[in-house]
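The values are calculated or read from the model by the stated rules, or taken from the named source; none is laboratory data. Since the model is a prediction, treat every value here as computed from it, not as a measurement. Here the Cβ positions follow ideal geometry from the backbone for every residue, glycine too, while neighbour counts run over all protein chains shown.
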Amino acid sequence: MLTLVLADAELELVPQEVQGHPSVRAHARRRGRSPSAVLLDSSFHHPALRALPDGSRRGRPDIVHFFLVIALDSIANIEGQLETVVHTRHDQVLRCRPDTRIPKSYSRFVGLMEELLTKGAVPPEGEPLLRLESLTLGGFLARAPRPAVVLHEAGARHELEEVFAGRDEATVVVGGFPQGDFLHPPPGDLPRISLHGHPLKAWTAASEVLTAWRRSRPRRGPRTMG
Ligand SMILES: C[S@@+](CC[C@H](N)C(=O)[O-])C[C@H]1O[C@@H](n2cnc3c(N)ncnc32)[C@H](O)[C@@H]1O
């Protein structure tokens, strides 16, 4: 089983400090929601973000959207080999049931995340598909399967197939932010691995992990063409 973690993801509701900002109020009004129940999104709230600490990297639910679509539609997930986890800047950990169908439409995805962040689970009653808990990245990683590695552009250059070879389980951490470094640095004993000399998008790094995991699995019997 592979545990794939998107860490320090910039997923949050509009913080109280900017709920009264004109760009936030206008957007919330158009959507018929209270500003406190709207997802912070740099595409709509750019002027308000300038008033927030770390404003240049916050409000990026699109990164979480790409990540979840790639992970949950992956062959590793179809074959029951994947645990998909998102950790946010506010130390919330989102766990996804493997049969969750993430909306491909971004506006429907935003609605889903707003429901999750306000209610803590989706659906709020019964067995949830998506579940949120308060947990630090360090707390999650302390119990995560080993080996555990962190993808980092300044890490040592390695192929993930080498990390996964002969392993039944592993954990890989990918940063869920558009620029800069981890806000909550993963424990220093976890190796930092670079996949390429060029900086990659979080979803590109995640797709490389999923492909490497599959390639490193033993073949399940003869393959035939035609
Ligand atoms: C968009 S990057 C983070 C921002 C990046 N530090 C910057 O300032 O452009 C998102 C994540 O993708 C992964 N990543 C990006 N480039 C990588 C590389 N060359 N090798 C391995 N992982 C990479 C890392 O986990 C990183 O935290």
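Tabulated results
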quantity: Of all residues in the stretch 169-221 being over 18 Å from the mean Cα position of the chain (by Cα) and acidic (Asp, Glu), the one that is farthest from the ligand (Cβ to nearest atom); calculated: Glu169
quantity: Those residues of the stretch 158-195 which are of a type in the set (Gly, Ala, Ser) and within 14 Å of Ala148 (Cβ to Cβ), in sequence order; calculated: Ala170, Gly188
quantity: Test: residue in the stretch 16-39 that is modelled with pLDDT of 95 or more and under 16 Å from Pro178 (Cβ atoms); calculated: yes
quantity: Residues being part of a helix (DSSP H, G or I) and within 14 Å of Val110 (Cα to Cα) - total across the stretch 22-34; calculated: 3
quantity: Tally of residues being part of a helix (DSSP H, G or I) and at pLDDT 95 or above across the stretch 47-56; calculated: 2
quantity: Residue ID - surrounded by the fewest Cβ atoms within 10 Å (Cβ to Cβ), chosen from residues in the stretch 25-54 that are in contact with a Pro (Cβ under 7 Å, 6 or more places away or on another chain) and touching a residue at least 40 places away in the same chain (Cβ under 8 Å); calculated: Asp41
